Structure formats: C-alpha cells, structure tokens
1. Buried (at least 21 other Cβ atoms within 10 Å of the Cβ), under 19 Å from Gln670 (Cα atoms) and touching a strand residue (DSSP E or B) at 6+ places or on another chain (Cβ under 9 Å): is that true of Ser591 in this structure?
2. If I filter segment 358-381 for residues that are in contact (Cβ under 8 Å) with a residue 60 or more places away in the chain, of a type in the set (Lys, Arg) and out of contact with any helix residue (DSSP H, G or I) (no Cβ under 9 Å at 6 or more places or on another chain), do I get at least one hit?
3. Which residue out of Val483, Val510 is hydrophobic (A, V, I, L, M, F, W, C), within 30 Å of Asp777 (Cβ to Cβ) and in contact with a Leu (Cβ under 8 Å, 6 or more places away or on another chain)?
4. Does segment 423-443 contain any residue that is of a type in the set (Gly, Ala, Ser), more than 24 Å from the chain's Cα centre (by Cα) and at pLDDT 95 or above?
5. Would you call Ser519 under 22 Å from the mean Cα position of the chain (by Cα), buried (at least 17 other Cβ atoms within 10 Å of the Cβ), not in a loop (DSSP other than H, G, I, E, B) and not hydrophobic (A, V, I, L, M, F, W, C)?
6. How about segment 141-166: which of its residues are in contact (Cβ under 8 Å) with a residue 60 or more places away in the chain, surrounded by fewer than 21 Cβ atoms within 10 Å (Cβ to Cβ) and under 29 Å from the mean Cα position of the chain (by Cα)?
7. Would you confirm, using the coordinates I've provided, whether Phe269 is crowded, with 19+ Cβ neighbours inside 10 Å and assigned to a helix (DSSP H, G or I)?
Amino acid sequence: MKTSLFPIAVLSLAIASAGCTDRKIKGPDATLGTDNNVAPVAEAGADQVVTAGSSVTLVGVGSDVDGSITSYNWSQSSGPAVTLATDDSGSASFTAPATEASVTLTFELRVSDDGGASSPADAVTVTVLPALDKFFGVATEHPDDYTQLTTYFDQITPGNAGKWGTVESTRDVMDWTDLDTAHTFAGNNDLGFKYHTLFWGQQQPAWLADLSAEEQLEEINEWLAAVKTRYPKLEMIDVVNEPLHEIPAYKEALGGDGDTGWDWLITAFELAREAFPESKLILNDYNILSLDAATEDYLALIQLLQARELIDGIGVQAHFLEQSLAADIKGNLDRLAATGLPIYVSELDINFADDARHANKLRELFTVFWEHPAVAGITHWGYRQGHMWRSEAWLLASDGSERAGLQWVNCYLAGETECDHLVPEYIPGGWSGSDDLITLEAELYDQGHGVQAAGSVVAHTDIGDWILFQDVAFKDAWDSFSVNYAKGAGNTGSISIRLDSLENANALQVQLPPTNGWSDFQTSTVDWAPVSGSHDVYVRFNEVSGVANVDWLRFGVAGAKPVANLISNGDFEQSADGWGAGWGGGALSTSAEYAKTGNRSLLASGFSSDAYATYDLTTLVEPGTSYPMIAWALHTGAAPVQITMVTKLACEGQGDQYLWISDNDAVPSQTWTKLAGTLEIPADCQVNEALMYFENTPGGTDVYFDSVQVIPPSTGEEEETDNLIKDGGFEGVVPAAAWSAWYASGTTLALSTEQAQAGSQSLKVSTRAANSNPSYDLTTTVEAGIAYDVALSVRHSGPNAAPVQLTQKLACEGEDDAYTGVAGTDNEGNPISLAAGEWHDLTGSFEVPAGCTVNELRLYFEGTPLEVETFYIDEFSVTPQ
C-alpha cells in the first residue's frame with residue numbers, strides 16, 4: 001500500500017489595506033521617499049516547505065501609510081532557478097524543481113507606491129524536499145496483531161521486542177523470539193521494518209548498573225554486534241530513544257557529556273553508523289511537536305548529529321497530542337523540516353473513548369502529518385482494542401469491526417475525495433458537577449496551546465499559553481473559585497479565567513506565588529462572581545515563564561468539598577487508564593453501551609474466572625485505616641452470575657491475604673448491582689501490596705463496571721484550613737520541602753511513629769549539630785499588615801528539663817533583620833525549661849508590619865542543649881488572625 005503524495009502547497013496571507021491617501025500625513029518615524037513620500041513596506045509572507053514537483057504560490061502584501069501600492073516586483077535571489085508567474089495582486093507561482101535532496105529557494109518582494117517610492121526587499125524561503133514514498137505502519141506487541149496487519153498497514157515497528165532490556169534481561173542470554181516474529185513477518189509480506197531501539201535510558205538491562213564504565217562499553221559493543229549478526233540489513237533504526245527525557249545509566253561509558261554536552265549521544269550514533277552503514281539512523285523523542293521549547297532543544301541535538309553526517313531521519317512520537325492545535329503541530333514540523341531530513345511520526349495514538357471525538361482528532365492530525373512534505377511515514381502505536389498501551393486509542397474493535405477513525409484513514413489513503421462522511425459529528429459532552437461544585441481536572445482540558453498534559457497535571461505553562469474546557473454548566477449559587485497548583489522559585493505568575501472567548505475580558509485573575517517546589521501543591525481560593533448557564537472556560541497563563549503546574553480548578557459554593565475517592569478513574573468517562581487486565585486473559589476498554597452514571601463504563605470482556613479489572617492501591621492506603629469500597633456491576637449473560645470484589649493485601653513479614661470485600665453469587669442479568677464492603681488495613685501492616693480486583697465470574701461473560709469508589713476517612717483536600725504550615729500534623733509521607741536544618745548541616749529531620757501528640761506521626765529532630773536549627777520558611781506565604789497565631793506541641797528526650805524555643809527571623813526590604821521569640825518563652829522573652837518525656841503545648845503570635853516587603857520570614861527552633869539528643873514536633877499551625 002505504498003502511496004506517494006504530491007500536495008499543492010499554497011500559503012495565503014490577507015492583503016492589507018492600501019492605507020491613507022492624504023500625502024500631507026505621515027507617521028513620526030516614517031522613512032521619506034522622493035518629495036517627502038513615505039516609502040511603502042513589502043511583506044513576502046511566511047517561509048514554506050514543499051514537495052518537488054508541486055505547485056507553489058507566494059502571496060505578497062504591500063502597505064503604504066500615505067498612498068497606495070501600484071506594483072509588486074518578485075525576484076529570485078538564490079537556489080535552482082524557477083520560472084515565476086506573477087499577477088497584479090502580489091501573487092507569484094512556480095513549480096518546485098525536481099530534486100533528490102533538500103534545496104532552499106529564496107525570493108524577494110519589492111513594492112512601489114503611487115508616489116514613485118519603492119520598498120526595501122523582503123525575503124521568503126521555500127524549502128523543496130524530494131517526493132517521498134510514504135508508509136502507514138503499526139507497532140506490534142501481541143501475536144494476534146499479525147492477523148489483520150496487512151489489511152491496514154505496510155510497515156512494522158516492534159513495540160517492545162527490540163529493546164535491550166527485553167532481549168538481554170539476563171546477561172549473555174538473548175531472547176530474540178518476538179523480534180524474529182516481527183522481522184520475519186515483515187520480510188515475508190514485503191513490509192517496511194524499523195528496528196526500535198538500540199539505546200534507551202528507561203528499558204535497559206538492570207545488570208548493567210553493577211558494571212564499570214569500561215565493562216559497560218564492552219557490553220554495548222557486544223549488544224550492537226549481536227543485533228548486526230542477527231539482522232544485518234535493517235532498513236531503519238531508532239538509534240537512541242528519548243534522549244531529552246531518559247538518559248542511559250551507562251552514559252559515561254559512551255563519553256558522558258563531553259565538550260558538546262552530548263558526547264554520549266554522538267558516540268551512540270557513531271557506533272551505530274559503524275555497525276549499520278547502510279541503515280537509516282533515526283533519533284526519536286516525545287513532546288517535540290506540542291512544545292516550541294522542546295522543538296528547539298531537539299533541533300540542537302539533530303544539528304550536532306547532522307554536522308557529523310550521523311543522522312538520516314527525525315523521529316517524533318505522537319503520543320499526548322489529543323488536545324494540541326493542528327497549527328502548532330504543523331509549525332513545529334516545518335521547523336524540523338528545514339533541516340532537510342525526513343520526519344517519521346513514530347508513535348501515533350489518539351486516546352479518546354468517544355468514537356466521534358477520536359475520529360475527528362485522528363482526521364485532523366493524520367491530515368497534517370500525511371500532507372506534510374517532510375513526513376516520510378506514520379506508525380500507529382498498536383491498533384487492536386484491549387492490546388494498546390493507551391486504552392482508548394484502538395482502531396480495530398475486539399469483535400473485528402473498524403472504528404470510524406480507521407474507516408476514514410482507509411478511505412483517505414485510498415485517494416478518495418469524499419471521506420468526511422465517515423467521521424461522525426463530535427458534540428462536546430461538556431462538564432457538569434453537583435449543585436455544590438464542579439472540579440475540572442486540568443490535564444483533561446479540551447483544547448490548549450503551549451502546555452503539556454503531564455500525568456495528572458498541566459505543565460510547561462508560560463506567558464500567553466492557555467487551556468479550554470468546553471461547555472461548563474454553571475450554577476448561580478457558585479460564589480467561590482479554587483485552583484490547586486505547585487510552583488518552584490521565581491516570580492509570581494497568574495491565571496485568568498475568560499468565559500466563551502479567549503478575547504473576552506477577564507472574569508477573574510488569580511495570583512500564583514511560589515509554593516515550596518514544583519511538586520508541592522497548594523490551593524488558592526478566591527471569590528467568584530456567580531454566573532449561570534453553560535460557558536466555555538478559558539484558563540490563560542500570565543506574567544512569567546513557568547507560571548505553575550496546575551492539578552485542578554474548582555467552581556462552587558464557598559466551603560463545599562468534593563467526595564473523596566482513592567480511585568482516580570472510577571467513572572470511566574475519559575478512559576480505562578490506571579486499570580489492569582489481571583490474570584484472566586481478556587481485555588479492558590470503556591464502553592458507551594451501558595452506564596450507571598455519566599455516559600460510559602468499564603467493559604471487561606473475554607476473561608476466564610480468574611482475577612480481572614484490577615486497580616493498584618498500594619501507595620494510597622495507610623495502616624490502621626478503614627476504607628469503604630463501592631462498585632456497580634452489570635453483565636450481559638443469560639442467567640445470574642457470581643461477581644466478587646476482592647483485595648489482595650501483602651504486609652511486610654506476613655503472608656498474603658485475599659479478602660472478599662463483597663460477593664454476590666446471583667447478580668441478575670442486564671441490571672446494575674451494587675457491591676459494597678470495607679477494606680481494613682491493620683495498624684501493624686507495612687503495606688507491600690494492596691490490589692483491588694474482581695473474580696469468580698464465569699469465563700466469557702462480559703461485565704461492565706461503573707462508579708467505583710474506595711473512600712478514605714479524610715484527605716488533605718478535605719481538611720483544608722488556613723494553616724500556612726504544609727501538613728503541620730506530619731501525617732504525610734515526607735516532611736514538606738520548606739523544612740530544613742538551615743544554618744548548618746548535621747541535623748536529621750524525618751517523620752516518626754515513635755511519638756505523636758495526635759494522629760500517628762510527628763516530626764523527629766535528631767542527630768543534632770551546633771548552629772543547625774530546624775526551620776520552616778514562610779517567606780512566600782505571609783502578607784504585610786497581617787498578624788498570625790502560632791500553636792504547636794513539642795516533646796524532648798531529656799534527660800533533664802530543657803528549653804525548646806521557637807523564634808522568628810524577619811527580613812524586610814531596606815531594614816535590619818529582626819529576631820523575636822514566638823513560642824516557648826515567658827512574658828519577657830526568656831526561654832522556658834520543659835520537662836523531658838512529655839508533650840508540651842506552646843502558643844504565640846507574630847505580626848508582619850504593614851510597610852514590610854518580606855525578603856525572608858522563617859520560624860526556627862533554638863536554644864535546646866545538644867545533650868538533648870531528640871525532640872519531636874507535632875500539630876504545628878500558623879494561621880492568620
């Protein structure tokens with residue numbers, strides 16, 4: 001199914017107005033022509049990338065502040081000569097010359113006005129690329145992938161089988177089985193084949209870490225020799241995968257950073273060139289097409305390799321482009337294309353559960369990719385439902401039916417002109433909440449510009465970037481807005497909320513000062529002027545580069561709290577991500593066939609009676625805590641069946657426990673049935689594994705799940721207060737980043753269960769050194785003119801009574817630093833001796849003067865003798881009065 005494409009490249013610009021005709025009027029900085037005539041200005045348009053043999057149109061614009069444009073003069077200043085056909089409107093057209101390598105043509109436009117003045121020349125470049133024989137390929141992972149592969153694809157990339165960590169997980173033991181399958185299938189069916197990948201920092205043999213750099217280099221050479229011996233005539237090779245994100249642990253063996261900063265990367269390509277001199281060597285990475293800064297970083301690597309003639313193609317992964325704008329994608333493709341190298345869209349998937357939304361986005365991006373002159377091929381990352389890395393990106397259903405997006409691709413690649421009728425109309429489902437509130441998870445935005453949906457947050461937020469939530473249903477009682485965000489050091493940025501259009505005035509603007517790091521999330525809450533009805537919500541990022549990482553945004557009634565749920569994806573409206581297929585064979589996907597709430601549910605199909613539909617709770621549950629668990633289930637069997645909700649609990653030093661949380665051996669057909677129970681985590685359990693899953697349903701029965709909840713007794717979000725101390729109860733995982741030993745090293749800070757005034761943990765201060773004072777930095781969280789109450793509990797190990805004094809350091813701009821005792825002192829500011837081995841409640845207060853620009857405000861502990869080996873801090877709060 002090899003297909004050549006010769007697109008007609010036409011870039012149109014609107015022709016500007018001729019301007020004012022009164023020659024007595026001119027701008028104060030205008031350049032004067034003959035007789036005080038202001039010279040006109042020519043604009044030759046944007047640079048273009050086109051295919052050899054295609055028709056190219058240049059559209060020029062002329063403007064004149066004191067007259068009108070009378071003529072346009074195009075000329076060619078560099079590159080193979082072409083014949084320009086021009087007209088009176090400023091357009092010029094030509095046929096791109098035939099070429100076997102990238103060539104650049106430069107054209108200049110000059111315009112003249114009705115006063116006889118001519119403009120300076122304005123230049124435009126047209127990069128002409130050779131016509132490419134494009135392919136549409138697929139990544140293979142499962143034996144069944146080969147069954148219908150040749151129906152849809154003409155190229156193969158083994159998704160996992162060629163990675164070093166897969167082939168040689170045990171030193172000197174090579175497993176080529178799955179790689180041989182893919183390579184042999186490609187050869188037998190005249191399909192293109194790309195090897196993926198020789199070097200990748202993530203999936204590499206674990207045993208390499210224990211070797212010296214010299215030994216690692218020996219193993220690298222053995223690895224390359226083994227691949228060369230087995231596959232001596234590879235057409236294409238992803239030499240290094242994700243160098244900007246996953247640097248190999250054996251980097252030093254390849255030369256480390258070196259003079260270029262990337263010597264290891266250059267060495268990897270040099271070794272690959274030596275081993276595979278006839279292969280096309282490709283670099284591959286992700287987030288390149290959606291982020292301008294990432295494109296710049298990637299181009300720097302490409303240019304290092306290109307200068308040494310080591311690279312033959314550019315790989316750009318196409319994961320996570322669901323919310324990107326097609327214009328942004330094309331712009332970054334153009335920048336990469338200017339290198340003259342072919343581009344391989346290496347890992348395309350569109351992870352939308354809604355068929356119409358999936359088909360619309362696939363059509364939009366596939367068209368941009370396929371019609372771009374520099375793109376030599378597109379590889380879809382899997383294609384079969386239930387066997388995809390991203391659960392909702394499948395093209396072919398488990399029953400063999402083609403998804404609408406695949407039907408459109410088939411039609412389009414066949415050269416048909418009427419394919420759009422195959423793409424269903426997509427009507428955004430909108431966003432709705434309860435009567436009290438709505439939470440918008442930031443990473444699930446509908447459209448965005450310049451940002452990255454990274455896990456559960458939106459990142460890379462710079463000035464002018466934005467995200468959009470379409471059709472948000474507001475309640476007129478909602479009077480509060482909150483945003484949960486994290487920000488490292490730097491200047492304060494802001495977000496603005498604009499309704500219905502990005503061009504509208506701000507409905508709200510919220511300042512986002514630094515928190516205690518890019519992973520320290522805090523919530524800012526402000527008043528919201530109530531509105532009603534449905535509105536598109538634009539969130540614009542303002543003022544600084546690196547505004548914040550945003551987790552969620554919330555509109556609602558002041559003080560309203562959401563229902564907590566440890567299952568981050570229990571409604572299945574977006575995808576089945578986070579859920580595993582367990583041990584029962586079969587596949588998981590979302591389905592619109594049935595839904596308890598919303599529009600979709602989780603479909604578990606083709607399983608045996610073993611465990612299926614699993615969710616990992618290991619890092620989410622805590623000892624000594626009870627968790628109510630709820631799930632709704634429906635099956636399509638002819639008779640009642642058994643469905644059991646189970647947890648596997650593995651505690652350190654104890655045998656694994658399998659707990660039936662809820663078991664119903666007579667779930668009726670076609671009826672939503674509730675499964676409910678409680679998971680108890682013993683107080684003495686150090687949790688090694690906690691897994692929720694379902695089992696005992698007869699094999700082959702399709703089961704749907706919806707509204708799955710594991711409810712914690714409380715969460716940090718539920719317990720939001722005005723306390724400026726992050727986790728002042730010390731019930732989290734690690735002390736907040738704002739804690740430090742301050743003046744000198746030598747003091748250890750750690751959470752401890754040895755003592756607790758409340759809850760189960762406190763902050764333990766031990767291994768103490770002179771002048772090393774545990775402190776908490778409040779610089780970015782206090783405000784001038786505000787007084788604060790302080791309360792805390794302390795306990796020390798003695799052996800004798802001793803002080804544990806809390807002191808404040810305040811540094812205001814232009815003033816001397818001030819040090820004041822806050823708690824643990826008498827009325828005259830002298831430290832109080834506290835008895836050993838018991839908890840003491842300390843209180844105090846401080847005020848930030850109204851005229852103070854706070855350069856530093858820090859609370860710290862001092863005065864405790866070094867013979868007191870340990871003291872504990874708990875229930876620490878700083879709250880505005």
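1. Values: buried (at least 21 other Cβ atoms within 10 Å of the Cβ): no; under 19 Å from Gln670 (Cα atoms): yes; touching a strand residue (DSSP E or B) at 6+ places or on another chain (Cβ under 9 Å): yes.
So Ser591 does not fit the description; no.
2. So far as segment 358-381 goes, no, none of its residues is in contact (Cβ under 8 Å) with a residue 60 or more places away in the chain, of a type in the set (Lys, Arg) and out of contact with any helix residue (DSSP H, G or I) (no Cβ under 9 Å at 6 or more places or on another chain).
3. Val483
4. no
5. Working: under 22 Å from the mean Cα position of the chain (by Cα): yes; buried (at least 17 other Cβ atoms within 10 Å of the Cβ): no; not in a loop (DSSP other than H, G, I, E, B): yes; not hydrophobic (A, V, I, L, M, F, W, C): yes.
Criteria not met by Ser519.
6. Glu141, His142
7. Details: crowded, with 19+ Cβ neighbours inside 10 Å: yes; assigned to a helix (DSSP H, G or I): yes.
When the stated conditions are applied, Phe269 passes them.
Here is a yes/no grid of residues against (1) closer than 13 Å to Ala356 by Cβ; (2) touching a Gly at 6+ places or on another chain (Cβ under 6 Å):
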{"site": "Asp399", "(1), (2)": "no, no"}
{"site": "Gln407", "(1), (2)": "yes, no"}
{"site": "Glu416", "(1), (2)": "no, no"}
{"site": "Tyr426", "(1), (2)": "yes, no"}
{"site": "Asp436", "(1), (2)": "no, yes"}
{"site": "Glu443", "(1), (2)": "no, no"}
{"site": "Gln447", "(1), (2)": "no, no"}
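The values are calculated or read from the model by the stated rules, or taken from the named source; none is laboratory data. Small disclaimer: the values here were computed from a predicted structure and weren't measured. All Cβ positions, glycine included, derive from the backbone under ideal geometry; neighbour counts span all protein chains shown.
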